[in-house]
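Here the structure comes first, spelled out in C-alpha cells, and everything after it is commentary.
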Amino acid sequence: MKKFFAAFAIFFFAFTASGQDAVMSSWPYLYPEFSKGTVWMSDGKKYERDLNVHLAKGRLHFVDGNAIKEANSGEIVLVELNGDQFTSLNGDIVKVIGDIERGYVAKKTSVDFQKLNETDGPYGTKIDAGATLSLTTLELTGDASSYPELLRNRNEGSSLPLKNDYYIVTGGKVLNASKKAVENSLDAEGKAAFKTFQKQNKIKWQDTASLLQLVDFLAGL
C-alpha cells in the first residue's frame, strides 16, 4: 500500500534528529550542521541545498554562499534532509514521523520560550520577557547572516530548552494531537464514534503508531 506522501509525490510530479533536549542560543538549529537536502516547491521546482531547521522560528534555512537565507515556507511541499521528511504546516516546518494513505502525523520541535521564562538563565540570572524577545528575533536570515561566523560561534551562548508538539493531518484538517482538539473538530455523530473508538483503543498522544490509528479513524468518518 502506497504511503500518503509517496502517493502525493506521484500526483505532484505528474503536474510538473533529533532526540536532543536543548540547543545553544548561538546555534538554534535542529541539526548540528547544515547538510545537503532536497526541497520540493508548490510550483513543481526542486532544489538541492545545504539545509537546516531553525527551532526558534520554525523555518527552513539554507546556505547561499557565505549567507544563511530563509526559504518561503508557504511554497514548501516536501523536504528530505538527513533521512527525515518535513513539510510546512501553517507556515512552520514540521517533521513527518508517520504516514498512511489518507493522512500523516507530524512533530514540530521548537524552543520552549515559556519554560525559558520560568527558569534561571546563565550563572543564576533570571531570564525575563525582554531576553526572550531578543531570542525570537535573532538575525540569522538574509545577507546579513554570515555562515562562517555562525559556525565559529555555534558552541557559545546559552542553552535553550526544547518542546515537541504533535499534529494529526487528514481530510484537509490539521489538528493538534489532543483529545480536546479532536473532539472540537467533530459533529455530534463523530463525537459519539470517537468515544467508542477511545474505549477500544488507548490513545497515546505522543506515540506515532497510536496517532496513526487515530488518523485512520478520522479519515473514515
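In this structure, LEU151 does not qualify as loosely packed, with under 15 Cβ neighbours inside 10 Å, assigned to a loop (DSSP other than H, G, I, E, B), among the hydrophobic types (A, V, I, L, M, F, W, C) and at pLDDT 80 or above.
Considering (1) in a strand (DSSP E or B); (2) surrounded by 20 or more Cβ atoms within 10 Å (Cβ to Cβ), the lone condition that VAL63 does not fulfil carries the number (2).
Of the set (1) surrounded by 12 or more Cβ atoms within 10 Å (Cβ to Cβ); (2) over 22 Å from the mean Cα position of the chain (by Cα); (3) on the phi < 0 side of the Ramachandran plot; (4) at pLDDT below 95, all apply to GLY157 but (3).
Inside region 28-60, residues that are closer than 23 Å to ASP165 by Cβ and in a strand (DSSP E or B) make up a count of 9. Picking from residues in region 160-178 that are in contact with a helix residue (DSSP H, G or I) (Cβ under 7 Å, 6 or more places away or on another chain) and of a type in the set (Ser, Thr, Tyr), the one that is surrounded by the fewest Cβ atoms within 10 Å (Cβ to Cβ) is TYR166. Looking at region 165-178, is at least one residue over 20 Å from the mean Cα position of the chain (by Cα) and either in a helix (DSSP H, G or I) or modelled with pLDDT of 95 or more (or both)? No, the conditions are met nowhere in region 165-178.
Among the residues of region 179-214, those that are among the hydroxyl-bearing types (Ser, Thr, Tyr) and within 21 Å of TYR104 (Cβ to Cβ) comprise SER185, THR208, SER210. I'm trying to understand the selection: among the residues of region 79-109, which are over 17 Å from TYR31 (Cα atoms), out of contact with any Ser or Thr (no Cβ under 6 Å at 6 or more places or on another chain) and assigned to a strand (DSSP E or B)? Within region 79-109, LEU89, ASP99, ILE100, TYR104, ALA106 qualify. Kindly check whether there is at least one residue in region 210-220 that is out of contact with any Leu (no Cβ under 9 Å at 6 or more places or on another chain), surrounded by fewer than 16 Cβ atoms within 10 Å (Cβ to Cβ), at pLDDT 95 or above and among the β-branched types (Val, Ile, Thr). Checking region 210-220: not a single residue is out of contact with any Leu (no Cβ under 9 Å at 6 or more places or on another chain), surrounded by fewer than 16 Cβ atoms within 10 Å (Cβ to Cβ), at pLDDT 95 or above and among the β-branched types (Val, Ile, Thr).
Hey, could you check region 15-24 for residues that are within 19 Å of LYS163 (Cβ to Cβ) and surrounded by fewer than 19 Cβ atoms within 10 Å (Cβ to Cβ) and say which is modelled with the highest pLDDT? Selected residue: MET24.
The values are calculated or read from the model by the stated rules, or taken from the named source; none is laboratory data. Source: prediction; values computed, not measured. Quick reminder, even Gly has a Cβ in these numbers, built from the backbone with ideal geometry, and neighbours come from all protein chains shown.
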